[in-house]
Amino acid sequence: MKVTGPIDMRSDGSKLDEALAKFEKEFSKEDKGFRFYHLVIDDEYDRATCDLVEKTYLDAGWKSATCKTSSENGERSGLTGLRLYAY
C-alpha cells in the first residue's frame, strides 16, 4: 500500500494562475495608494496554493502577503482572503 507523503500534497500550481487572476480582478476594483489591502475571492483554495500566492506577491515587492481560507478562520467554507502590506 502506498502511503501519501508530504511531496504528494504539494500543489502542482494549476490553481495558482486561477487564484492570481481572481485576486488581480479584485485588486483592480480597489482604490490605489493605500499601504494595506484585504482582498476576498469567492472560492476556497488549498494551503499549497495559498503558499504559492503569498510567495508570488512577496516576489512582486509586497512587504507582507498572507493568504488564508475562511475554513482556516473557522468560518463558512468557500472564501479565500489575501492581505497585502506595502510597507
Some residue of region 69-82 being modelled with pLDDT under 95, in a helix (DSSP H, G or I) and not hydrophobic (A, V, I, L, M, F, W, C): no
Test: residue in region 15-31 that is assigned to a loop (DSSP other than H, G, I, E, B), surrounded by 13 or more Cβ atoms within 10 Å (Cβ to Cβ) and not acidic (Asp, Glu): no
Residue that is surrounded by the most Cβ atoms within 10 Å (Cβ to Cβ) [pool: residues in region 56-87 that are more than 11 Å from the chain's Cα centre (by Cα) and polar (S, T, N, Q)]: 70
Filter result for residue 42 (out of contact with any Phe, Trp or Tyr (no Cβ under 9 Å at 6 or more places or on another chain) and free of Cβ contacts under 8 Å to residues at least 24 places away in the same chain): no
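The values are calculated or read from the model by the stated rules, or taken from the named source; none is laboratory data. Being a predicted model, the structure only gives us computed values, none of them experimental. Cβ atoms come from the backbone with ideal geometry, glycine included; neighbour counts cover every protein chain shown.
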